[in-house]
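Shown next, in structure tokens, is the structure this report addresses.
The values are calculated or read from the model by the stated rules, or taken from the named source; none is laboratory data. Keep in mind that this is a model prediction, so the values were computed, not measured. Here the Cβ is made from the backbone with ideal geometry for all residues, glycine too, and neighbour counts use every protein chain on show.
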Amino acid sequence: ITGWLPMSLGVGDTYEGDWDSTGYGENDYFVDFRANDTIGQMNTQLSMVNFSIGDVLEPSIANIIITSTGDPDAGTIINIQADAWDASGINYVQYRIYGPVTYDSNWQPLAFVAGNTYSATWDSSLAPSNEEGTYTVDIRAQDAASAQNINDTAGAEGSVDLYDATAPVISGTAATSG
């Protein structure tokens, strides 16, 4: 970056200025200062301040796939898979399943498979038997620079529908004819 930006008089004899770092990549930057007095004399101080712009981009999450091994009832194994990547690497990928009323699995790890793919399984019998309905699956990832992305926006989350597959029980005394 080259060029001089104006500064304005702050408190006392200090000057202040802003630099918008939008669009500048991860790198080390140096700030030079120069000042002119009222008769045109100039003084330049080189590299008085240096700073780094680190990884400020969240990791990417895509290709969320949720499948089950059978009917969506208690005891069904739910397979969860997602791709996550970031230029700085991935620290972890996690999923969270929460139910229509009270159930919340809290954040659980997805294991690295290969490439950018991570996966886990969830046993639907962990959900309360009285909470039939749609369960939401959120995926989050944290990159090596600790930037985090929770991928719970519309169209980027998954869901699991659970229902009670147990047949009703009828009990009582058989009627007799007499």
By residue number, the members of the stretch 45-88 that are outside any loop (DSSP other than H, G, I, E, B), β-branched (Val, Ile, Thr) and modelled with pLDDT of 70 or more are Ile61, Ile64, Ile65, Ile66, Thr67, Ile77, Ile78, Ile80
Any chance the stretch 101-117 includes a residue that's more than 20 Å from the chain's Cα centre (by Cα), assigned to a loop (DSSP other than H, G, I, E, B), surrounded by 14 or more Cβ atoms within 10 Å (Cβ to Cβ) and not aromatic (Phe, Trp, Tyr)? no
Can you list residue pairs whose Cβ atoms sit under 6 Å apart, with the first residue in the stretch 134-150 being of a type in the set (S, T, N, Q) and the second being outside any strand (DSSP E or B) and at pLDDT below 75? Count only pairs 6 or more apart in sequence or on different chains. Thr136/Glu157
